[in-house]
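The values are calculated or read from the model by the stated rules, or taken from the named source; none is laboratory data. Just so we're clear, the structure is a prediction, and the values are computed from it rather than from any experiment. Positions of Cβ are generated from backbone atoms using ideal geometry, with glycine treated the same way; all protein chains shown enter the neighbour counts. Note: accessible area is taken over every heavy atom of the protein model, side chains too, but ligands, DNA and RNA are not part of it. Shrake-Rupley method; radii C 1.70, N 1.55, O 1.52, S 1.80 Å.
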Amino acid sequence: MELGSVKHFLKGKTILVTGATGFLGKIFVEKILRVQPDVKKLYLLLRASDPCSATERMHNEIFGKDLFKVLREKLDGDFGSFISDKVVAVAGDVSSENMGIRDVNLRKAMLEEIDIVLHSAACTKFDERFDTAMLTNTIGASNVVNFAKNCTKVEVLLHVSTAYVCGETEGLILEEPFQMGKTLKGFSKLDIEFEKKLVEKKLSELQTQNLKGEMITSMMKSFGLERAKEYGWPNTYVFTKAMGEMLVGHMKENLHVIILRPTIVTSTYKEPFSGWVEGARTIDSFAIAYGKRNLTCFPGNIKEVVDVIPADMVVNAIIVAMVANANQCYDNIYHVGSSVRNPLRYFNLWNYAYKYFTEKPWKDKDGKPIKVGTVSVLDMAGFQRYMFINFLLPLKYFQKMYLEFNKKILIVMRLTDLYKPYLFFRGVFDDENMEKLRIAARQGGIEDDFFYFDPKMIDWEDYFTNIHFPGTVKYLFK
């Protein structure tokens, strides 16, 4: 594996990005434009009905964000013209053939120009409708592969998956591919074409019953969860992402492919500035609830490792992996996480949260500081008992409040059940391939001040108390 200057590699390249409005997608776009302004062009595929709508989404949901303030200041008054010159908003949808790009001339130009494809578009809700998740995470992956194979000079396709396609596997989880049809449940066989037809049939049946949209959505969510568990996956998200990986590996032919599996992605560690975050993820949801004193009890194993990795490190790993694997005859799978090299445990995380919100408490609507306390960490049975004794049982004596609060409590219990596989996760992610990439980067002259991705450089207490929690308060607390 020979590496050189990343900036030199990116110079003059044309890159297609799906999922550019997502958390990682935005950071990738910002990084490329900031560190290598001589990139030739970025095509951003955006779900939109026409070019005007795509351009509007691009400016509102990408370049209008605080994330781009460093680049905006660097370019001063030339920011708008620079973006117009370097970036093309493409109306389309990964769930459609040819990625939904209707403009024939634009599609022809893209197929001739594209050097690199980053596929990061995904439905990331754990309980998404089965049809919606299947279209984006599974069928979308196959459509992107087909498009990339038709690009005349493409050097590499990087497919962003998730480390949790492993389901509830315990122990050391290796960087291994999914074989087509392999499941997590013994000898059962997964037929993706059958699942496609099954979801179409189920949706058609529900639509003919004249049910309300909310009811159809609820039933399609339940159906997805049922199918996922049939094969050993805990939710629809990781099930459809695993099927997407299978299709990428099965359909790639001579295409050079990388599959990158991040763990739990958190706020930026250093670039373009520390603490930028968007969209409350698993640990952020609990941090928000804790800081507002809406959380006094937490289901989980306080001694287990929680695998988190800052978003800018994930993006740096993406870029360096592209450089290392372009035009190579082998494919690689990379775990991007911290559980092996620099493990963080839940008890550390809660200690950091207590320290931060004690020193810098959130204020209520009247401007009074909210005093946080310690959190009781219970196993699942203990958590269910706690909820019943402290909430459900007392509510039965207050009938007027019962219906309203019982519904909220049931939602909490459902979310807890949904997150249970991660709260009690007992695996760590092997990153041997990623470590080889880090070694090659150090030896090959990679600009490590720009493209750092070693989790061992992180002091978790400093990161959470001085970077992540302040960022969460600034961008996510409302």
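Brief remarks follow.
- For the range 286-328, filtering for residues that are free of Cβ contacts under 8 Å to residues at least 60 places away in the same chain and open to solvent by 10 Å² or more (accessible area, probe 1.4 Å) leaves 4.
- Test: residue in the range 18-41 that is among the β-branched types (V, I, T), within 26 Å of N433 (Cβ to Cβ) and either in a strand (DSSP E or B) or open to solvent by 10 Å² or more (accessible area, probe 1.4 Å) (or both): yes
- Matching residues in the range 455-473 - criterion: being within 20 Å of V315 (Cβ to Cβ), of a type outside the set (A, V, I, L, M, F, W, C) and open to solvent by 60 Å² or more (accessible area, probe 1.4 Å): K456
- Of all residues in the range 5-17 being open to solvent by 10 Å² or more (accessible area, probe 1.4 Å) and not in a helix (DSSP H, G or I), the one that is farthest from A317 (Cα to Cα): G12
- Applying the criterion of being at negative phi and polar (S, T, N, Q) to the residues of the range 88-126, the residue that is modelled with the lowest pLDDT is T124.
- Check on A242, in a helix (DSSP H, G or I), open to solvent by less than 10 Å² (accessible area, probe 1.4 Å) and closer than 24 Å to G181 by Cβ: yes
- Scan of the range 420-443 for residues that are open to solvent by 20 Å² or more (accessible area, probe 1.4 Å) and not acidic (D, E), ordered by number: K420, Y422, F424, R426, V428, N433, K436, I439, R442, Q443
- When the range 42-62 is filtered for residues that are out of contact with any Leu (no Cβ under 9 Å at 6 or more places or on another chain) and open to solvent by less than 70 Å² (accessible area, probe 1.4 Å), the ones remaining, listed by number, are L46, A48, D50.
- Yes/no for M219 being open to solvent by 20 Å² or more (accessible area, probe 1.4 Å) and part of a loop (DSSP other than H, G, I, E, B): no
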